[in-house]
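Take a look at the structure set out below.
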Amino acid sequence: MFTAATRFGTRYAAPAAASGALLALSSYYSDGAQVKVKAEAAASAVVDINAVKKSISELIDDDAERRGDGTSLTGTFVRLAWHCAGTYSKVDGSGGSNGARMRFDPEASWGANAGLDIPRKALENVKAKHPDISYADLYTLAGVVAVEEAGGPKIPFRLGRTDATSGETSPKECGLPDADKGSRKNTIQHIRDVFYRMGFSDREIVALLGAHALGRCHTDRSGYWGPWTFAENTFSNEYFRLLLEERWSPKVSHNCKPWDGPDQFEDSTGKLMMLPSDMVLIQDPAFRKVVELYAKDESAFFKDFASAFAKLLDLGVEFPSTKPWYQFW
């Protein structure tokens, strides 16, 4: 979710009611069997969201079996969903998950999105099976399924995002968080600037970063290397426990050679990693309080993450009105 400022990127509002009383379409949360999707108020299609989720889950399982090395698309799907939505700015309403603009430049070429062509291509099989779902809904729903299938909380989700036909409405600048701004003070401020721009609190920031329990970094995408936990396909509070209990030191070697990548930290085994942006969560007093809570109370983390992640995925989307067609007030 975080990017390296001068290298490639790592894995890593409140919805406004649509106007037009007679054209309003109903939108329901993901526990419904079928959901109506608004397509620019011009057409509607019935999407069986449970069938789509099943197809995504099967894709994750089949891919993991083919790999056979303990890695999977789980963390990558979370990163895809995150990066689709994490461009949002509450200042001008730009960015957000609507449009699936990552398919086009400039977002497709941002260093922060390096490697995200892989999950997008993988999801084409799901899109072919369920052509009525928008890419914007599909990419964000993939993140939801990844979290839930990894043992995480159920994420509130609703369909209704539409697809852009170009990248013309993309933000001029990336806006996704960097992994390191050169100093502890600058990195802490940067994290708050980015997440506050999207409308998140300190507690929500820490909850969202708990997604680092999943997946790993790749040197050919971010320059960083390694997983955050020993169970990278399991969603848990292990990330927070490790932050507090492990002894983290700067990485100086890799595969018996001097480490020449960006600054990162490793545990005593040399098999796990933390980014500078992870470490500041235990260096900043306000962030640390939340880390300590989540490390000892997984249920609190799950509850907060579900709420914050659902909020993230809704950013920049004008969902169809939930009022019945005959209600005019």
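The values are calculated or read from the model by the stated rules, or taken from the named source; none is laboratory data. Not measured: the values here are computed from a predicted model. Here the Cβ is made from the backbone with ideal geometry for all residues, glycine too, and neighbour counts use every protein chain on show.
Any idea which residue in the range 168-200 is surrounded by the fewest Cβ atoms within 10 Å (Cβ to Cβ), counting only those that are in contact with a Pro (Cβ under 6 Å, 6 or more places away or on another chain) and under 13 Å from Thr87 (Cα atoms)? Taking the candidates together, the pick is Val194. Within the range 285-296, residues that are within 14 Å of Ser201 (Cα to Cα) and at pLDDT 95 or above have Cβ atoms under 6 Å from residues that are charged (D, E, K, R) and in a helix (DSSP H, G or I) in these pairs: Ala286/Asp202; Val290/Arg203, counting only partners at least 6 apart in sequence or on another chain. Residues that are under 16 Å from the mean Cα position of the chain (by Cα) and under 26 Å from Glu298 (Cβ atoms) were ranked within the range 159-193; the one that is modelled with the highest pLDDT is Ile191.
Kindly indicate the residue of the range 78-123 that is assigned to a loop (DSSP other than H, G, I, E, B) and β-branched (Val, Ile, Thr) and also surrounded by the fewest Cβ atoms within 10 Å (Cβ to Cβ) among those meeting that condition. Lay out the reasoning, then the answer.
Of the range 78-123, the ones assigned to a loop (DSSP other than H, G, I, E, B) are 86-98, 100, 104-106, 110, 114-116, 123.
Those left that are additionally β-branched (Val, Ile, Thr): 87, 91.
Details: Thr87: 25, Val91: 7.
Ranking the candidates gives Val91 first.
Considering the range 170-203 alone, what residues qualify as being polar (S, T, N, Q) and part of a loop (DSSP other than H, G, I, E, B)? It would help to see each step written out before you state the result.
Of the range 170-203, the ones polar (S, T, N, Q) are 170, 183, 186-187, 189, 201.
Ser170, Ser183, Ser201, listed by residue number.
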